[in-house]
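The values are calculated or read from the model by the stated rules, or taken from the named source; none is laboratory data. Model, not experiment: these values are computed from the prediction. Note that we place each Cβ from the backbone using ideal geometry, even for glycine, and neighbour counts take in every protein chain shown. The protein model used for the area step is the full one, side chains on, heavy atoms only, and it has no ligands, DNA or RNA in it. Shrake-Rupley method; radii C 1.70, N 1.55, O 1.52, S 1.80 Å.
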Amino acid sequence: FWNGYAEPLRNRITIDPRLSLSSMIGLNRFIIHEFTHVITFEAMRSSAPMSKLFNTAGLPAWFSEGLAQYEAEFWAPENDRMLRLHTLNRSVLTPSERDVFVLLSDRGAEGYNEGYSIVKYWFETYGHDKVKKLLEIYRSSDNDFSEAVERTFGKSIHVLEAEWREHLEARYQQQIAERDADIPQAKPIVP
């Protein structure tokens, strides 16, 4: 089911070379994606036994996967197309849906894609230095992601999510603003 995965306790990456080499993005993307998970696991380490596993388990899946995608690949046209369609159709995942998305579900790709977009928005809007700060605060705040986000950005996770949605809406509305414009020389063939 997986092209690759990272193991938090062993710091080991397992990759299916047959699938990863056939991908449009390729092996490099998979290694960087999974290595980002390993680095995140290490950022969660404390003196408590199994801390990497327990601390990482409380991170929302959309954030963990969004961060790994943000580090591993560029924002591709297919990412933007999917997000634009969902934004304009008002079918972006709710925060609750995004928090519990499962890759193999019918909306799994959206969880990854939206997580990637949110992480990209946060760190490109508020600064890349926030990655380290967010993970440090999360680890020291009894694994309360919402609290860590608020302490890192000075805004609640709900406010940041609303800002992200408004940003998307404005961007995509601007892209389609002229699609229904009348062209003086044009003759409608199909009303």
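Here are the numbers for the structure shown:
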item: Members of segment 113-140 that are among the small types (Gly, Ala, Ser) and assigned to a helix (DSSP H, G or I); result: Gly115, Ser117, Ser140
item: Arg151 being modelled with pLDDT under 95, open to solvent by 80 Å² or more (accessible area, probe 1.4 Å) and over 14 Å from the mean Cα position of the chain (by Cα); result: no
item: Residue satisfying condition, being part of a helix (DSSP H, G or I), among the aliphatic types (A, V, I, L, M) and crowded, with 18+ Cβ neighbours inside 10 Å, within set Ala6, Ala68; result: Ala68
item: Members of segment 96-131 found to be at pLDDT 90 or above and open to solvent by 50 Å² or more (accessible area, probe 1.4 Å), listed by number; result: Lys120, Glu124, Thr125, Tyr126, His128, Asp129
item: Subset of segment 133-146 [open to solvent by 60 Å² or more (accessible area, probe 1.4 Å) and closer than 15 Å to Phe41 by Cβ]; result: Glu136, Arg139
item: Gln175 being under 22 Å from Arg84 (Cα atoms) and open to solvent by 70 Å² or more (accessible area, probe 1.4 Å); result: yes
